[in-house]
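The values are calculated or read from the model by the stated rules, or taken from the named source; none is laboratory data. Only a predicted model underlies this, so the values are computations on that prediction, with no experimental measurement involved. Glycine gets a Cβ as well: all are built from the backbone with ideal geometry, and neighbour counts include every protein chain shown. Each accessible area value is taken on the protein alone, full model and side chains, heavy atoms only, with ligands, DNA and RNA left out. Shrake-Rupley method; radii C 1.70, N 1.55, O 1.52, S 1.80 Å.
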Amino acid sequence: MHRRSFVAGLGALWLPSLARAEAPLAQDPFGLGVASGHPKPDSVVLWTRLLAAERTQPLTGSFSVGWTIAEDERLARVVRRGEAVAEPRWGHAVHVEVDGLKPGRPYWYRFVVNGKESPTGRTLTAPEPAERVPLLRFAFASCQQYEQGYYAALRHMAGEELNAVLFLGDYIYESSWGRHHVRHHDGGRPTLLFEFRNRYALYKSDPDLQAAHAAHPWIVTWDDHEVANDYADDISPEDHDPKQFLAIRAAAYQAYWEHMPLPNSMQPRGPSLRLYDHYRFGGLAELFVIDDRQYRAHNACHAERIRDRMLVDCAERLDATRTMLGTAQEAWFADGLKRASAHWNLLAQQTLMAEAGRRLKDGKLAFWGDGWDGYPAARRKLLDAVAASPVKDTVVMSGDVHSFWAADLKQDFAAPKSRTIATEFVGGSITSQGFSNERVRSLLHENPDLRYGLGGAYGYGHIALDSKAASISFRTVNDVRDPKSGIATPARFVVEAGDPGVKSA
Ligand code: FE
Ligand code: CA
């Protein structure tokens, strides 16, 4: 590896004429920041991506990138160092899997290329599986449409003390939409690899997003907008031809992997990327990260049944064979919950799990067909697995709906008096516009399992866990249009161990 990277480095220096219009390294080759993720007791993934002088120009040739990880912020007590190759075929992204680390402690890291140093990032390994961990803290967030606001929420998140950030999807948006834009995408809808790379580069040029990555390890899953709006497996509402859409999905998945601190084992193969994953944080919590996009059944019913973007109820919605996770992930999830043995099960996933129906004027019920309400049989299966777990305390963290929610999850939503088996929290959106407060109030009124809702606010959720309780706070910025906005905590909840359900704190 050493030798290969040395030679590759020489190539970049001495053979510029080999490549077409070789774009040189940027003055600041680390202009997209640094990141870490996939925190395990003895390892983390360190990430960066080299930039060309023009952000949207491809950088050609391979580069040798040095990395250092240390026990202190000044990188004096170095524990490991090495070299990685930044290659054109992976967009000059670097994913370094550092192992041999100590559990449950912070590390600091830095990259260097052609004598230029990156900013220093901080990361944190997970505690040892058997350790009695007194406290865990996570932020959970989703939906950061770049045009609709600034990332002040992420700057505040960077200042929190966290074990990890859980990012639950819509990291980029493929489309330009919404009102009152504060800044703009620099292209149309991406469908090719270089276009997706450029979209990530634009989002990642934001200093507050970089700060949140540099401060904490991130654990990530995706939703639809990393690829195409409301897509399901091999089709999207705008791309009906599966062959064409899978080519777009392959480009989108590759760009996603390139820009996230994910391990090499998750490198995509064509339009496939196994993203679902399991983490353990000592004896206190196990975390299941779910992918409900890649394998899901196509959306139910016909377009003409959709009113105001809500799906009018139909027989197909209830079809028992309609999957959300796909057979393999479903089995993996059920097996993981059956064998769970920490105090808490945590689920990090995309979209609202609680039922949120709306009664239309003609008396018919309507649901959000792209979320779990469009897949009630699959939701029942997942909740059956939750109920069958020997661990009786499960907290679900969700994104997608661009509003804050706290909800009781029933094993059977058709039996409203049935027992609450888990508790769900949706941490709003970082910037993406969503439900008005009026819409939120009517949903609260019609769905008793939705215990709290907040619309027209932007930010993230914070969860602190010990063996007795989970404490959840919703953090909202004062003004999403102000990059320097302050932050407030408009709502706090507790979930007591042994007694699932939302309680106000
Ligand atoms: Fe979103
Ligand atoms: Ca979404």
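Keeping to the stretch 92-139, report how many residues are open to solvent by 40 Å² or more (accessible area, probe 1.4 Å), under 25 Å from the mean Cα position of the chain (by Cα), farther than 21 Å from residue 259 by Cα and free of Cβ contacts under 8 Å to residues at least 60 places away in the same chain.
1
Out of 55, 49, 89, I need the residue that is under 21 Å from residue 253 (Cα atoms), open to solvent by less than 50 Å² (accessible area, probe 1.4 Å) and either out of contact with any strand residue (DSSP E or B) (no Cβ under 9 Å at 6 or more places or on another chain) or at pLDDT 95 or above (or both). Which one?
None of the other options fit; the residue is 49.
Does residue 199 meet the test of being open to solvent by less than 40 Å² (accessible area, probe 1.4 Å) and more than 16 Å from ligand 2 (Cβ to nearest atom)?
Judged against the criteria, residue 199 is not a match.
If you take the residues of the stretch 383-416 that are in contact with a helix residue (DSSP H, G or I) (Cβ under 7 Å, 6 or more places away or on another chain) and of a type in the set (A, V, I, L, M), which of them is farthest from ligand 2 (Cβ to nearest atom)?
Filtering the stretch 383-416 for residues that are in contact with a helix residue (DSSP H, G or I) (Cβ under 7 Å, 6 or more places away or on another chain) and of a type in the set (A, V, I, L, M), the one farthest from ligand 2 (Cβ to nearest atom) comes out as 388.
Please state which of the following conditions residue 365 fails to meet, knowing it meets all the rest: (1) open to solvent by 10 Å² or more (accessible area, probe 1.4 Å); (2) at pLDDT 95 or above; (3) of a type in the set (A, V, I, L, M).
Going through the list (1) open to solvent by 10 Å² or more (accessible area, probe 1.4 Å); (2) at pLDDT 95 or above; (3) of a type in the set (A, V, I, L, M), residue 365 breaks only (2).
State yes or no: is residue 237 more than 22 Å from residue 330 (Cβ to Cβ) and within 16 Å of ligand 1 (Cβ to nearest atom)?
Here the answer is yes, as residue 237 does meet what is asked.
Name the pairs whose Cβ atoms lie under 6 Å apart, with the first residue in the stretch 188-211 and in a helix (DSSP H, G or I), the second of a type in the set (Phe, Trp, Tyr), and 6 or more positions between them or separate chains?
Note: pairs meeting the criteria are 203/146; 208/151; 209/151.
If the Cβ limit is 7 Å and pairs must be 6+ apart or interchain, which residue in the stretch 376-389 that is closer than 10 Å to residue 337 by Cβ and of a type outside the set (D, E, K, R) pairs with which residue that is in a helix (DSSP H, G or I) and open to solvent by less than 10 Å² (accessible area, probe 1.4 Å)?
These pairs meet every condition: 382/333; 385/333; 385/337; 386/337; 388/337; 389/337.
Run residue 256 past the list (1) in contact with a helix residue (DSSP H, G or I) (Cβ under 6 Å, 6 or more places away or on another chain); (2) open to solvent by less than 20 Å² (accessible area, probe 1.4 Å) and report the number of the one that doesn't hold.
(1)
Taking the stated definitions as given, is residue 441 within 21 Å of residue 354 (Cβ to Cβ) and over 23 Å from the mean Cα position of the chain (by Cα)?
Spelling it out, residue 441 is indeed within 21 Å of residue 354 (Cβ to Cβ) and over 23 Å from the mean Cα position of the chain (by Cα).
Among the listed residues 341, 403, which satisfies the condition of being open to solvent by less than 10 Å² (accessible area, probe 1.4 Å) and touching a residue at least 12 places away in the same chain (Cβ under 8 Å)?
403
Answer with yes or no whether residue 142 is touching an Asp or Glu at 6+ places or on another chain (Cβ under 9 Å), within 16 Å of ligand 1 (Cβ to nearest atom), at pLDDT 95 or above and open to solvent by 60 Å² or more (accessible area, probe 1.4 Å).
No: the conditions fail for residue 142.
Given the structure, is residue 374 among the small types (Gly, Ala, Ser), under 25 Å from residue 446 (Cα atoms) and either open to solvent by less than 30 Å² (accessible area, probe 1.4 Å) or under 23 Å from the mean Cα position of the chain (by Cα) (or both)?
Judged against the criteria, residue 374 is a match.
Which of the residues belonging to the stretch 60-74 are within 15 Å of residue 105 (Cβ to Cβ) and open to solvent by 20 Å² or more (accessible area, probe 1.4 Å)?
Selection gives 71, 72, 73.
Enumerate the strands (runs of 3 or more DSSP E) found wholly within the stretch 71-162, keeping only those where 3 or more residues are within 29 Å of residue 229 (Cβ to Cβ).
Where strands (runs of 3 or more DSSP E) fall fully within the stretch 71-162 and carry at least 3 residues being within 29 Å of residue 229 (Cβ to Cβ), they are 136-141.
Which residue pairs have Cβ atoms under 9 Å apart, sit 6 or more places apart or on different chains, and have a first residue in the stretch 252-280 that is under 23 Å from residue 346 (Cα atoms) and a second that is among the aromatic types (Phe, Trp, Tyr) and open to solvent by 40 Å² or more (accessible area, probe 1.4 Å)?
276/332; 278/332
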